[in-house]
Amino acid sequence: MAKLYVNPKVKKGHINKELQGHFSEHLGRCIYEGLYVGENSEIPNVNGMRKDVVEALKEIQVPVLRWPGGCFADEYHWRDGIGPKETRKKMINTHWGGVVEDNSFGTHEFMELCEQLGCETYINGNVGSGTVQEMSEWVEYMTFEGVSPMADLRAKNGHPDPWSVDFFGVGNENWGCGGNMNPDYYGNLYRRYQTYVRDYKHDSHLKKIACGANAGDFNWTAEVLRTTHSNAPKEFHGFMNGLSLHYYTVPLDWKVKGKALEFDEDLYYQTLKKTLYMETLIKQHGAIMDQYDPDKNIGMIIDEWGTWYDVEDGTNPGFLYQQNTMRDAVVAGINLNLFNKHCDRVKMANIAQMVNVLQSVILTEGDKMVKTPTYYVFDMYKAHQDAELLESSIETVEIGTGENKVPNLSESVSLGKDGKIHVTITNLSMSEDYAVESVFAESAIESVAGEILTGEVHAHNTFDAPETVKKESFDSCSIKDNTISFTIPKNSILHLAVTVRD
Ligand code: AHR
């Protein structure tokens, strides 16, 4: 019997809704085909955005969307994507698959998509191959209200009103595809570029995000923070609101990553073990951040995370298309619980990527669409958005094979905006169900409603069988005073919405 202890009266921090953010890049079929088909497409659309996809995404309450990359961001010149579509530059997307990029999806289209989704905007600017002026003018183009060359140009292109840019990334992976820089060099460039990223609304609305580390590159974090903090007033917080971190779950290694659909027990547990490394990264990068920012004014922004497998056979290797199984759902459950648990420092996280690329929540083929197992995890976790993290802890045992040992269960608990207590538990075991007794301190349980995603680890949805994996209601809980008892099946993600009396 595993015991889960919940202290409904002990609040540990605010869970930003942005912990369930998404990422969309001009990569493969994420933007084109996946999200945007153009106004003249036979696929039902509103102003070019796929109706089916937007509807499905609205269901999971996407809080924020990052765009245009990724590596694409440091090659993107925003002026190529504005004005009449016929005159927009056509070019080759050299980084991703060598296909023609016709720039028909640009700033106006991204803002339209976010409006339809009802989400915040996270724009990633170009430091690698762009100028300070170009970045500065993009921000002016999007957000300046009043008379200015860029505001006038925006109006000429059909949008007199400014948009809101909620987050602005100053470069992406500048240690790699964004310019192969050293951290002190980037740190100094960051100081310079961000100076001209103006918050025209003067209400700290636009939050600036500096490029952070690749996985366990702690030196990058330390050096960027040292450079951005040196000789600057403390209250400037290194001129940033956030510092990013990228970490992907790659089951084998970067050369041969492993297949999305073919894996044995060893590789399953190895995948989960690698996912759990996320917690070490949060703690260690967090400890470095604490040295400069003990009051946690700078958010850790994990703006790329998820599984990365070998591309599906027969697809363009530069398109990063992969299927998504119950293994991915377990990976998502673990990560989202970790982000909740560390919400004092982690302020945003964006799964890579939204549609048709890496660990997507949606896959499309022509006019068909499927929701992946990962989609349903986001659906079940949405009650944590803007909730208060509650103190909780679960008894675990070690499971797995050989060197690949992991805890059997992962959990997080919050007090939702709806006044209910939301418990999410992931069972990492491929073979064992576990009886769980959840004890709520000093509270009598009034009611509990449950939903679950479960299935054999390889189970996935296809265009012919789109509902093999989907969430179902879970009503096998028994309540006694302050305790809820249930059995969580192997390979499953469970959400309980609990009402208590004080
Ligand atoms: O998400 C795919 C790529 O992964 C992004 O373009 C890049 O930032 C990262 O390396």
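The values are calculated or read from the model by the stated rules, or taken from the named source; none is laboratory data. Quantities reported herein were computed from a predicted structural model and do not represent experimental measurements. Here the Cβ is made from the backbone with ideal geometry for all residues, glycine too, and neighbour counts use every protein chain on show. Areas reflect the complete protein model, heavy atoms only, side chains present, ligands, DNA and RNA absent. Shrake-Rupley method; radii C 1.70, N 1.55, O 1.52, S 1.80 Å.
Cα to Cα, under 18 Å, and not fewer than 8 places away if on the same chain: which aspartates and glutamates meet these conditions relative to Lys90?
Glu25, Glu33, Asp74, Glu75, Asp80, Glu101, Asp102, Glu109
Name the lysines eligible as straight-distance cross-link partners of Lys85: C-alpha to C-alpha under 16 Å, and not fewer than 8 places from it in the same chain.
Candidates past the 8-residue exclusion: Lys156.
Using the scaling law 2.2 N^0.38 Å as the reference, what is the normalised Cα Rg of the range 18-385?
Numbers: Rg = 19.6 Å, N = 368, 2.2 N^0.38 = 20.8 Å.
Compactness ratio reported: 0.94.
How large is ³J(HN,Hα) for each residue in the range 421-437, as worked out from phi by the Karplus curve 6.51 cos²θ - 1.76 cosθ + 1.60 (θ = phi - 60°), to whole Hz, x for Gly and Pro?
In residue order, the calculated couplings are 9, 10, 10, 10, 10, 10, 9, 7, 6, 7, 10, 10, 8, 10, 7, 10, 10 Hz.
What fraction of the DSSP beta bridges in the chain is antiparallel, stated in percent and rounded to the nearest 5? Could you put the intermediate results ahead of the total?
Numbers: 61 of 100 bridges.
Taking every DSSP beta bridge within the chain, about 60 percent pair in antiparallel fashion.
Please report, in debye to the nearest 20, how large the charge dipole of the chain is about its Cα centre when each Lys and Arg carries +1 at its beta carbon and each Asp and Glu carries -1 there.
Numbers: 47 positive and 72 negative charges, 191 e Å.
Roughly 920 debye, rounded to the nearest 20.
So for the pair Gln291, Asp102, with labels modelled 7 Å out along Cα→Cβ, what separation do we get in nm?
Distance between the two pseudo-spin positions: 5.2 nm.
Which residues among the range 440-478 fall inside the zone where the amide N is under 14 Å from a point 7 Å beyond the Cα of Asp313, along Cα→Cβ?
Answer for the range 440-478: none.
Given a 1.4 Å probe and the protein chains all in place, what does the accessible area of Glu432 round to, in Å² to the nearest 10?
90 Å²
Considering only protein heavy atoms, what per residue accessible area in square angstrom results for the chain with a 1.4 angstrom probe?
Values: 19330 Å² over 502 residues.
Per-residue value: 39 Å².
Which one of Asn7, Ile484, Trp254 is farthest out on the positive end of the charge dipole of the chain, using unit charges on Cβ (Lys, Arg +1; Asp, Glu -1) and the Cα centre as origin?
Ranked along the dipole, the leading option is Asn7.
Provide the packing ranking of 179-187, 329-337, i.e. peptides ordered by the mean count of other C-beta atoms within 10 Å per residue, highest first.
Details: 179-187: 18.9, 329-337: 27.3.
Final packing ranking: 329-337, 179-187.
Quick one: pull the percent of accessible area on the chain belonging to carbon and sulfur, 1.4 Å probe, ligands and nucleic acids left out.
Details: 9310 of 19330 Å².
Carbon-and-sulfur percentage of accessible area, whole number: 48.
Among Cys343, Val370, His159, pick out the residue whose Cα is farthest towards the positive end of the charge dipole of the range 18-385, where Lys and Arg carry +1 and Asp and Glu carry -1 on C-beta, about the Cα centre.
Checked the options; the winner is Cys343.
Sequence neighbours fewer than 8 away in the same chain don't count; with that in mind, list the lysines whose C-alpha is under 21 Å from Lys3.
Answer for Lys3, where 21 Å is the Cα cut-off: Lys11, Lys12, Lys341, Lys405, Lys420, Lys480, Lys490, listed by chain and number.
Counting only the backbone N, which residues of the range 43-63 are under 20 Å from the spot 7 Å out from the Cα of Lys470 toward its beta-carbon?
51-62
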